[in-house]
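Below is one structure, written out as C-alpha cells, with a few remarks after it.
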Amino acid sequence: MQSDIAREPRRLLHADALRVPTSFALCHANATGTKNFGQQFFPMDQLETVLGELPSLPNFSSMHTWISQNTLRANTRNRRVSSVILLNAIWVDIDLTHPPKAFIDAGLKPSHGGQGHLTDRDAFSASELLLMDLEYAGLPRPSCVIATGGGLCLKWIFDQPIPSAARARWTSLQRHVVKRVGEIRSGLEGICDWAWPVDSSVSDAARILRLVNSPNPRWGSTCRMLWDRGPDYDFNVLADEILPYSQDEVKAYRARAATFKTWDQNRNKAAAAGLVRCRTASGRDEHDQMLQDEAVRELWTLRFEIGRQHLANIGGPSIGARNSTWWPMATALAWSCGGDQPLLMRNLAALHQDLYQAKGWTWNEACSSAANVLSRLRAGTLYRFKRDTWLEKMGISPAEAGRLQQEVAGSLGHNARRGEWHHGAMGFTKLRDLDFPDWMAAVRSRQAQAGRRSAEIRQTTNEPGKRQQARELAARGLSGRQVAAELGVNQSTVARWLRVQDE
C-alpha cells in the first residue's frame, strides 16, 4: 500500500527530477468532508515518506485525503495561485453524484444505498465510453483516468514541469479542455444522450484532488486508478493541439496591440493607417477574444510575478510603501485571475499573509485599500497601467525589472526564449533505465550531434564582424550577458573577444 499510494503523486509532481527545494500540500477532512478540514505542507523530498506513513494513521480509513496537483514554493504557508512555482498537469473532474437523467437511465450512477459508490464495472464502462468520446471529439487521450468514488478524473500530465511564469497559457489550456469535455454529447445513438457533468470550478492552479488509493468515506470506496496507459505530454505541444490558437498568434496579437498606441496619440493618423482599436468584446469573434484574454493574463501574470519577487527580495514593502505597492499588485492579480473575484480574494489574502502582515498591516486595511480594485473588477473597468507607470508605483527601476523578468522566467532552469526546460548546453535529457548497449548507442549519437553543433558554433562565433559588433556594444555600456543575447553567442565567447581586445 505504501508504494502504491505514492506512485501517482511521484509521477505527477516530478519528485525525482526537481533540482531546487519545493513543497506539496496534503489536505484532510472528516468522513462527511465538511468539518475539521486541515492542510499541511511538506518538503517535496519527503513525499514518499509522508505518503507511506498515511495508511498507518489510526483514522486514515475514515477521512478524506487530497493532494496538491501543482508544486508549491518551499516553506510556503498557504495554498494559493501565487504559491505555485511549477505546473505539472491539466485535469477534468467529472461529478457523477448528480448526473443527467439519461446517465441515470444508462445505469452509470453511484447508488446511495448498498455499497454507495460507482461500482468497478460501471466505472470502467464510463471510462471506456469517455475515452471513446474524447477520441471522437479530437482531444488527445489523457495520461490517466481515476475513479474518485463519486465520479471520474482525467489528467494530462506534462513530461516535465513548467514554471509559474507560464501560468497564463496554462490557465487558457485548463479552461479550454474543461469547456471542450463539457460540450461533448455522449451516449449510444438512439438509446441515450447526455453531456458529461464536468465540474468547471476545479480549474485553478492551486487545486487539490483526491489522493489515489486513499479512502472516500462518503461513498465507502477507494479512489483508484482505472487507466494509466496514456503518455506524458510536452506542454507546448499539448497546448497547440487543444487550443484553437498557437503561442505565436498570441505574440502576434500583443505586437499588434502595441501599435494601438498610435490610435491614442493621433486618431486621424491611426484611422488612415487602418489601426482601429476595439476596446470592448463587442464585435469580436470567439477566437480573437480568447487571444485577447490570454495576452492580457500573460502580461499581468508576469508583472505580478516581477512585483512579488521584488518585494520578497527586499524583505517585504516598507511601512510607508504598503498602500502604494498593494494597489498595483492587487490590480495585476485581478487581471491575471481573469475576472474571478473569489479567486482574487483568496490570492490577495495569501499575498497579504506572505509579505504585508509582518509589516503591521491588518487584513481589514488591505481590503480597504483594494476596495477600488474590487469595484472596478465587478464593473469590468480595471485600471490599465502602462509598464513604466506600474514599475514606478512599485518602486522598480527599468534595469531591475529586466533582471527580475529574467529571474522569474528563467527560474528552475526554464529557458524563456525557447519556452522549454533546460537540459544542458546541448539540450539533452538524462539517460535513464537503459541497458548498456542502448546507453552506449545513445551516448555515441549524442557525441556526434554535439560535435556537429560545436563546429557550427565555432564557425558562427569566429566571424570577425561579430567580434567588432561585440566591442562596439560593450563600448556603449551593454553588459556581457546583453551582448551575448544580442549576437546569439554565449557569454564566455564575448568575454574572450573583449579580453583579446584589452590585451
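The values are calculated or read from the model by the stated rules, or taken from the named source; none is laboratory data. Being a predicted model, the structure only gives us computed values, none of them experimental. Because the Cβ atoms are built from the backbone with ideal geometry, glycine has one as well, and the counts that use them run over all protein chains shown.
Rundown of residues vs (1) modelled with pLDDT of 90 or more; (2) polar (S, T, N, Q); (3) in contact with a helix residue (DSSP H, G or I) (Cβ under 9 Å, 6 or more places away or on another chain), yes/no style:
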site: PRO110; (1), (2), (3): no, no, yes
site: LEU118; (1), (2), (3): no, no, yes
site: LEU131; (1), (2), (3): no, no, no
site: PRO142; (1), (2), (3): yes, no, yes
site: VAL145; (1), (2), (3): yes, no, yes
Checklist entry - Restricting the search to region 404-419, which residues are buried (at least 17 other Cβ atoms within 10 Å of the Cβ) and either in a helix (DSSP H, G or I) or modelled with pLDDT of 85 or more (or both)? => result LEU404, GLN405, VAL408, ALA409, SER411, LEU412
Next on the checklist: For region 19-31, check the following and say yes or no: at least one residue is polar (S, T, N, Q), surrounded by fewer than 19 Cβ atoms within 10 Å (Cβ to Cβ) and modelled with pLDDT under 90.
Outcome noted: yes
Checklist entry - Do we find a residue being over 25 Å from ASN30 (Cβ atoms) and touching a Leu at 6+ places or on another chain (Cβ under 9 Å) anywhere in region 206-225? => result no
Next on the checklist: Any residue at all in region 11-33 that's closer than 22 Å to LEU87 by Cβ and without any contact (Cβ under 8 Å) to a residue 12 or more places away in the chain?
Outcome noted: yes
Checklist outcome for this item: Only unsatisfied item for ASP122, checking (1) surrounded by fewer than 22 Cβ atoms within 10 Å (Cβ to Cβ); (2) in contact (Cβ under 8 Å) with a residue 40 or more places away in the chain, is (2)
Next on the checklist: I'd like to check which helices (runs of 4 or more DSSP H) are fully inside region 231-321 and have at least 3 residues that are modelled with pLDDT under 85 and outside the structural domain of PHE158 (by TED's automatic domain parsing).
Outcome noted: 247-258, 261-265, 267-273, 286-313
Checklist entry - Quick check, is GLN341 of a type outside the set (Asp, Glu), without any contact (Cβ under 8 Å) to a residue 12 or more places away in the chain and farther than 22 Å from ARG254 by Cβ? => result no
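Table: residues versus (1) modelled with pLDDT of 90 or more; (2) surrounded by fewer than 18 Cβ atoms within 10 Å (Cβ to Cβ).
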position	(1), (2)
ALA332	yes, no
CYS337	no, no
LEU344	no, no
ASP354	no, no
LEU374	no, yes
Item to check | Of all residues in region 220-237 being crowded, with 21+ Cβ neighbours inside 10 Å and in contact with a Pro (Cβ under 8 Å, 6 or more places away or on another chain), the one that is nearest to LEU54 (Cα to Cα) | outcome: CYS223
Checklist entry - How many residues does region 135-156 hold that are among the hydroxyl-bearing types (Ser, Thr, Tyr) and under 20 Å from the mean Cα position of the chain (by Cα)? => result 1
